[in-house]
Amino acid sequence: MKYKSGLSPARYDAPTIIFHCGCTAIIMLQFATANLWGLFRNPLHHQLVVTHLTAGMVLSVLFPARLLWRLGWGRQIRAADRWLDAMLARYVEYSLYGLVLLEILLGYLWRWGNGQAMSFLSIQIMPPFGRFPTSTVGILHWLHQWNGWLIIVLATGHALAACFHYFILRDNVFQRMLLTGNVSDEYGK
């Protein structure tokens, strides 16, 4: 669709876009490091674990800030003009928000529940509570792993939907997350 000159662009604001890209990059880094560290011996194994923990701690600050921005000050744009499209888009969006928050919580509980410190670069943050039973630590590890996979599956579907909008439907849904370019306001409010 061509840009309609009489309408203002339906684009998310710059902080929303930057938060989205930053959180996406960290989540991809988290997934990669978690699935690669078992392939290596120390010192690379250790560095991948510390990278995972450090990025997780950054995400535990960045992601809630992103949600607060999105709910309070970020530009709100309707998901779509069709009811089913809007419901699916919001369902995936809110599911990803909930799953990422759950993943952060599970990561802290698993690490600290195992009696291990969280590592932020070289700073060790000791557990604020005692060790959990081994079976509980095992369940937390399992949940953390599978929740991570669920996040990646949903996020991949989210990215494929954006590509579908861009390449097949040829609408402007994808371009709303870009900082530059022309976008029509057909879905904006």
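Criterion first (of a type in the set (Val, Ile, Thr) and open to solvent by less than 50 Å² (accessible area, probe 1.4 Å)) does Val153 satisfy it?
For Val153, the condition - of a type in the set (Val, Ile, Thr) and open to solvent by less than 50 Å² (accessible area, probe 1.4 Å) - is not met.
Is there any pair linking a residue in region 83-110 that is under 16 Å from Ala34 (Cβ atoms) to one that is hydroxyl-bearing (Ser, Thr, Tyr), with Cβ under 7 Å and at least six apart or on different chains, and which?
Hits for this filter: Ile104/Ser60.
Within region 99-145, can you find the residues that are more than 25 Å from the chain's Cα centre (by Cα) and of a type in the set (Gly, Ala, Ser)?
Passing the criteria: Gly115, Gly130, Ser135.
Are any of the residues in region 130-141 surrounded by 12 or more Cβ atoms within 10 Å (Cβ to Cβ), at pLDDT below 95, of a type in the set (Lys, Arg) and over 18 Å from Gly56 (Cβ atoms)? I'd like the intermediate steps shown before the answer.
Quick first cut of region 130-141, residues surrounded by 12 or more Cβ atoms within 10 Å (Cβ to Cβ) only: 131-132, 136-141.
Those still in the list that are at pLDDT below 95 too: none.
For region 130-141, residues surrounded by 12 or more Cβ atoms within 10 Å (Cβ to Cβ), at pLDDT below 95, of a type in the set (Lys, Arg) and over 18 Å from Gly56 (Cβ atoms): absent.
Does region 165-172 contain any residue that is touching a helix residue (DSSP H, G or I) at 6+ places or on another chain (Cβ under 8 Å), in a helix (DSSP H, G or I), open to solvent by 50 Å² or more (accessible area, probe 1.4 Å) and modelled with pLDDT of 90 or more?
No, because not a single residue in region 165-172 is touching a helix residue (DSSP H, G or I) at 6+ places or on another chain (Cβ under 8 Å), in a helix (DSSP H, G or I), open to solvent by 50 Å² or more (accessible area, probe 1.4 Å) and modelled with pLDDT of 90 or more.
Give the residues of region 119-129 that are open to solvent by 70 Å² or more (accessible area, probe 1.4 Å), out of contact with any strand residue (DSSP E or B) (no Cβ under 9 Å at 6 or more places or on another chain) and not in a loop (DSSP other than H, G, I, E, B), sorted by residue number. Break it down into steps so the answer makes sense when it comes.
We begin by selecting, within region 119-129, every residue open to solvent by 70 Å² or more (accessible area, probe 1.4 Å); these are 121-124, 126, 128-129.
In the following step, the residues that additionally are out of contact with any strand residue (DSSP E or B) (no Cβ under 9 Å at 6 or more places or on another chain) were identified as 121-123, 128-129.
Correct list: Ile123 only.
Give region 65-82 a look and list any residue that's free of Cβ contacts under 8 Å to residues at least 24 places away in the same chain and of a type outside the set (D, E, K, R), or say none.
Of the residues in region 65-82, the ones free of Cβ contacts under 8 Å to residues at least 24 places away in the same chain are 68, 71-72, 82.
Result: Leu68, Leu71, Gly72.
Can you name every residue in region 92-118 that is over 23 Å from Ile152 (Cβ atoms) and either modelled with pLDDT under 95 or in a helix (DSSP H, G or I) (or both)?
Selection gives Trp112, Gly113.
Please state which of the following conditions Phe129 fails to meet, knowing it meets all the rest: (1) in contact (Cβ under 8 Å) with a residue 60 or more places away in the chain; (2) touching a Gly at 6+ places or on another chain (Cβ under 9 Å).
(1)
The values are calculated or read from the model by the stated rules, or taken from the named source; none is laboratory data. Here the structure is a predicted model, which means the values were calculated and not measured. Every residue, glycine among them, receives a Cβ derived from its backbone with ideal geometry; neighbour counts consider all protein chains shown. With ligands, DNA and RNA removed, areas are computed over all heavy atoms of the protein, side chains included. Shrake-Rupley method; radii C 1.70, N 1.55, O 1.52, S 1.80 Å.
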